[in-house]
1. Among the aspartates and glutamates, select those whose C-alpha is under 12 Å from the C-alpha of residue 107, and discard any that sit fewer than 8 residues away in the same chain.
2. Based on the Cβ-Cβ distance of residue 227 and residue 375, what FRET efficiency does E = 1/(1 + (r/R0)^6) give at R0 = 30 Å, to the nearest 0.05?
3. Picking from 162, 308, 72, which is most flexible by a Gaussian network model of the chain using Cα springs under 10 Å?
4. Taking only Cα atoms and a 10 Å spring cutoff, compute GNM fluctuations for the chain and point out the largest among 32, 40, 237.
5. Output needed for region 88-151: three equivalent-ellipsoid semi-axes, defined as square roots of 5 times the C-alpha gyration tensor eigenvalues, in descending order, whole Å.
6. Go through region 140-153 residue by residue and turn each phi into a ³J(HN,Hα) via Karplus (6.51, -1.76, 1.60, θ = phi - 60°); whole Hz please, and just put x for glycine and proline.
7. What residues have an amide H closer than 5 Å to that of residue 257, excluding those fewer than 5 places away on the same chain, when H is modeled at 1.01 Å from N in the peptide plane?
8. Per residue and in Å³, how big is the convex hull formed by the alpha-carbon atoms of region 78-204?
Amino acid sequence: MRTGVGVIGAGPAGLLLARSLYLAGIGCVVLENRSRGHVECRRRAGMLEQGTVDALRACGAAGRLDAEGMEHRGIELRFERAAHRVDFPSLTDGRTVMIYAQTEIVKDLVGLQLADGPPLLFGAAALSIEGALSDRPVVRFRHAGRDQTLECDYVVGCDGFHGIARAAVPAAVRRTYERDYPYSWLGILADVPPSSEELVYARGASGFALQSMRSPSVSRLYLQVPNGTLAPDWPDERIWDELDARLAVDSTDWRLKRGPVTDKSVTPMRCRVTEPMRYGRLLLAGDAAHIVPPTGAKGLNLAVADVHLLARAFAALYHTGSTEPLDAYSELALRRVWQAARFSDDLTTMLHMRPGASPFHDRMQLARLHRIADSREAAAEFAANYTGLPLCSTG
């Protein structure tokens, strides 16, 4: 097989890039190791920055998003048993966020791809990437029980942090910066309407809690738990009781709605950023290059930002012959990645109770939260980062 851009991975990054290249008239083939059913059922985040929504609309993939997505115009911070709302539009010139599950984005993009887009091969396991420094790199893969090759002008790895693309960048060239946090998230999905119309981030006496949602009838909630926690060790009733305690506020009639728990899992909190995001004609995007803690919901949105830069760069290359945008890709993408990592780290360390922390650390956390609650300037900075830096931003 021969194509212009070979894409490894049919997550949101790979699918959105393929859609953008198709609309620009650029040849592309997508290889996905898993089955279509598996890809369309992977549970992931669902908070979309303004720029992500705009990007999906621009490529014709926002029909259901606009019909079913839930626009959020703010969030609530809860600490010391008091609630403080951050209003996004008044602080960001009208920018908001949208709640729409990543699984639905994938379904929408897969449908478009299979209907009229470039080839999308499920069950195609990428085995190796060869000749990244040549003018015709090759992806070797196995599909339908047969070993095959895909010759490309460029290869884009959208296959996650443990995929083959990142590992194909030589260790002598690759540098990964990382941080592991001393706590995890216990997350549940519950068949119950959300208890609040907007997301609630709470710092309770025993740790962090988040009230989120996937739809008007499905709630997504999280608790800070010690590393090494096993989900079965937390009975449903214990989870609801702890959520109740951490999300509680005084002087209000707010109540946490309880319902059947349909899914329960534990997520470690970590940050990983790999540099550079380009090696010859191999480029990395999304989780293949970076993972940030989920507190700021930046993972999916960073992947879209990477793809936005790549789509523009490939359009310039194939339509005008200019290599400048592609040459600048790694540097520009990483500037945005590090800003998202900084924001995610700030939000994480501000809201979570660190094991063994001193009373001084406790007061510093509260001071940072009060600064956002009491200062319009601080709230505006917070809202700008939460709703997302412009996709074309260089820093």
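FYI, it's all coordinate maths here, none of it is from the lab. Note that this is a predicted model, so its numbers are computed, not measured. Please note: Cβ atoms are built from the backbone with ideal geometry, for glycine as well, and neighbour counts cover all protein chains shown.
1. Excluding near neighbours in sequence, the set is 40.
2. E(calc), rounded to 0.05, equals 0.35.
3. Its mean-square fluctuation being the largest, the pick is 162.
4. 237
5. Values for region 88-151, descending: 37, 18, 11 Å.
6. Those phi angles translate into 9, 8, 10, 9, 6, x, 10, 6, 9, 10, 10, 8, 9, 6 Hz.
7. Those qualifying (amide H under 5 Å, at least 5 residues apart or on another chain) are 195.
8. Details: hull volume 33.2 nm³, N = 127.
So the per-residue hull volume is 262 Å³.
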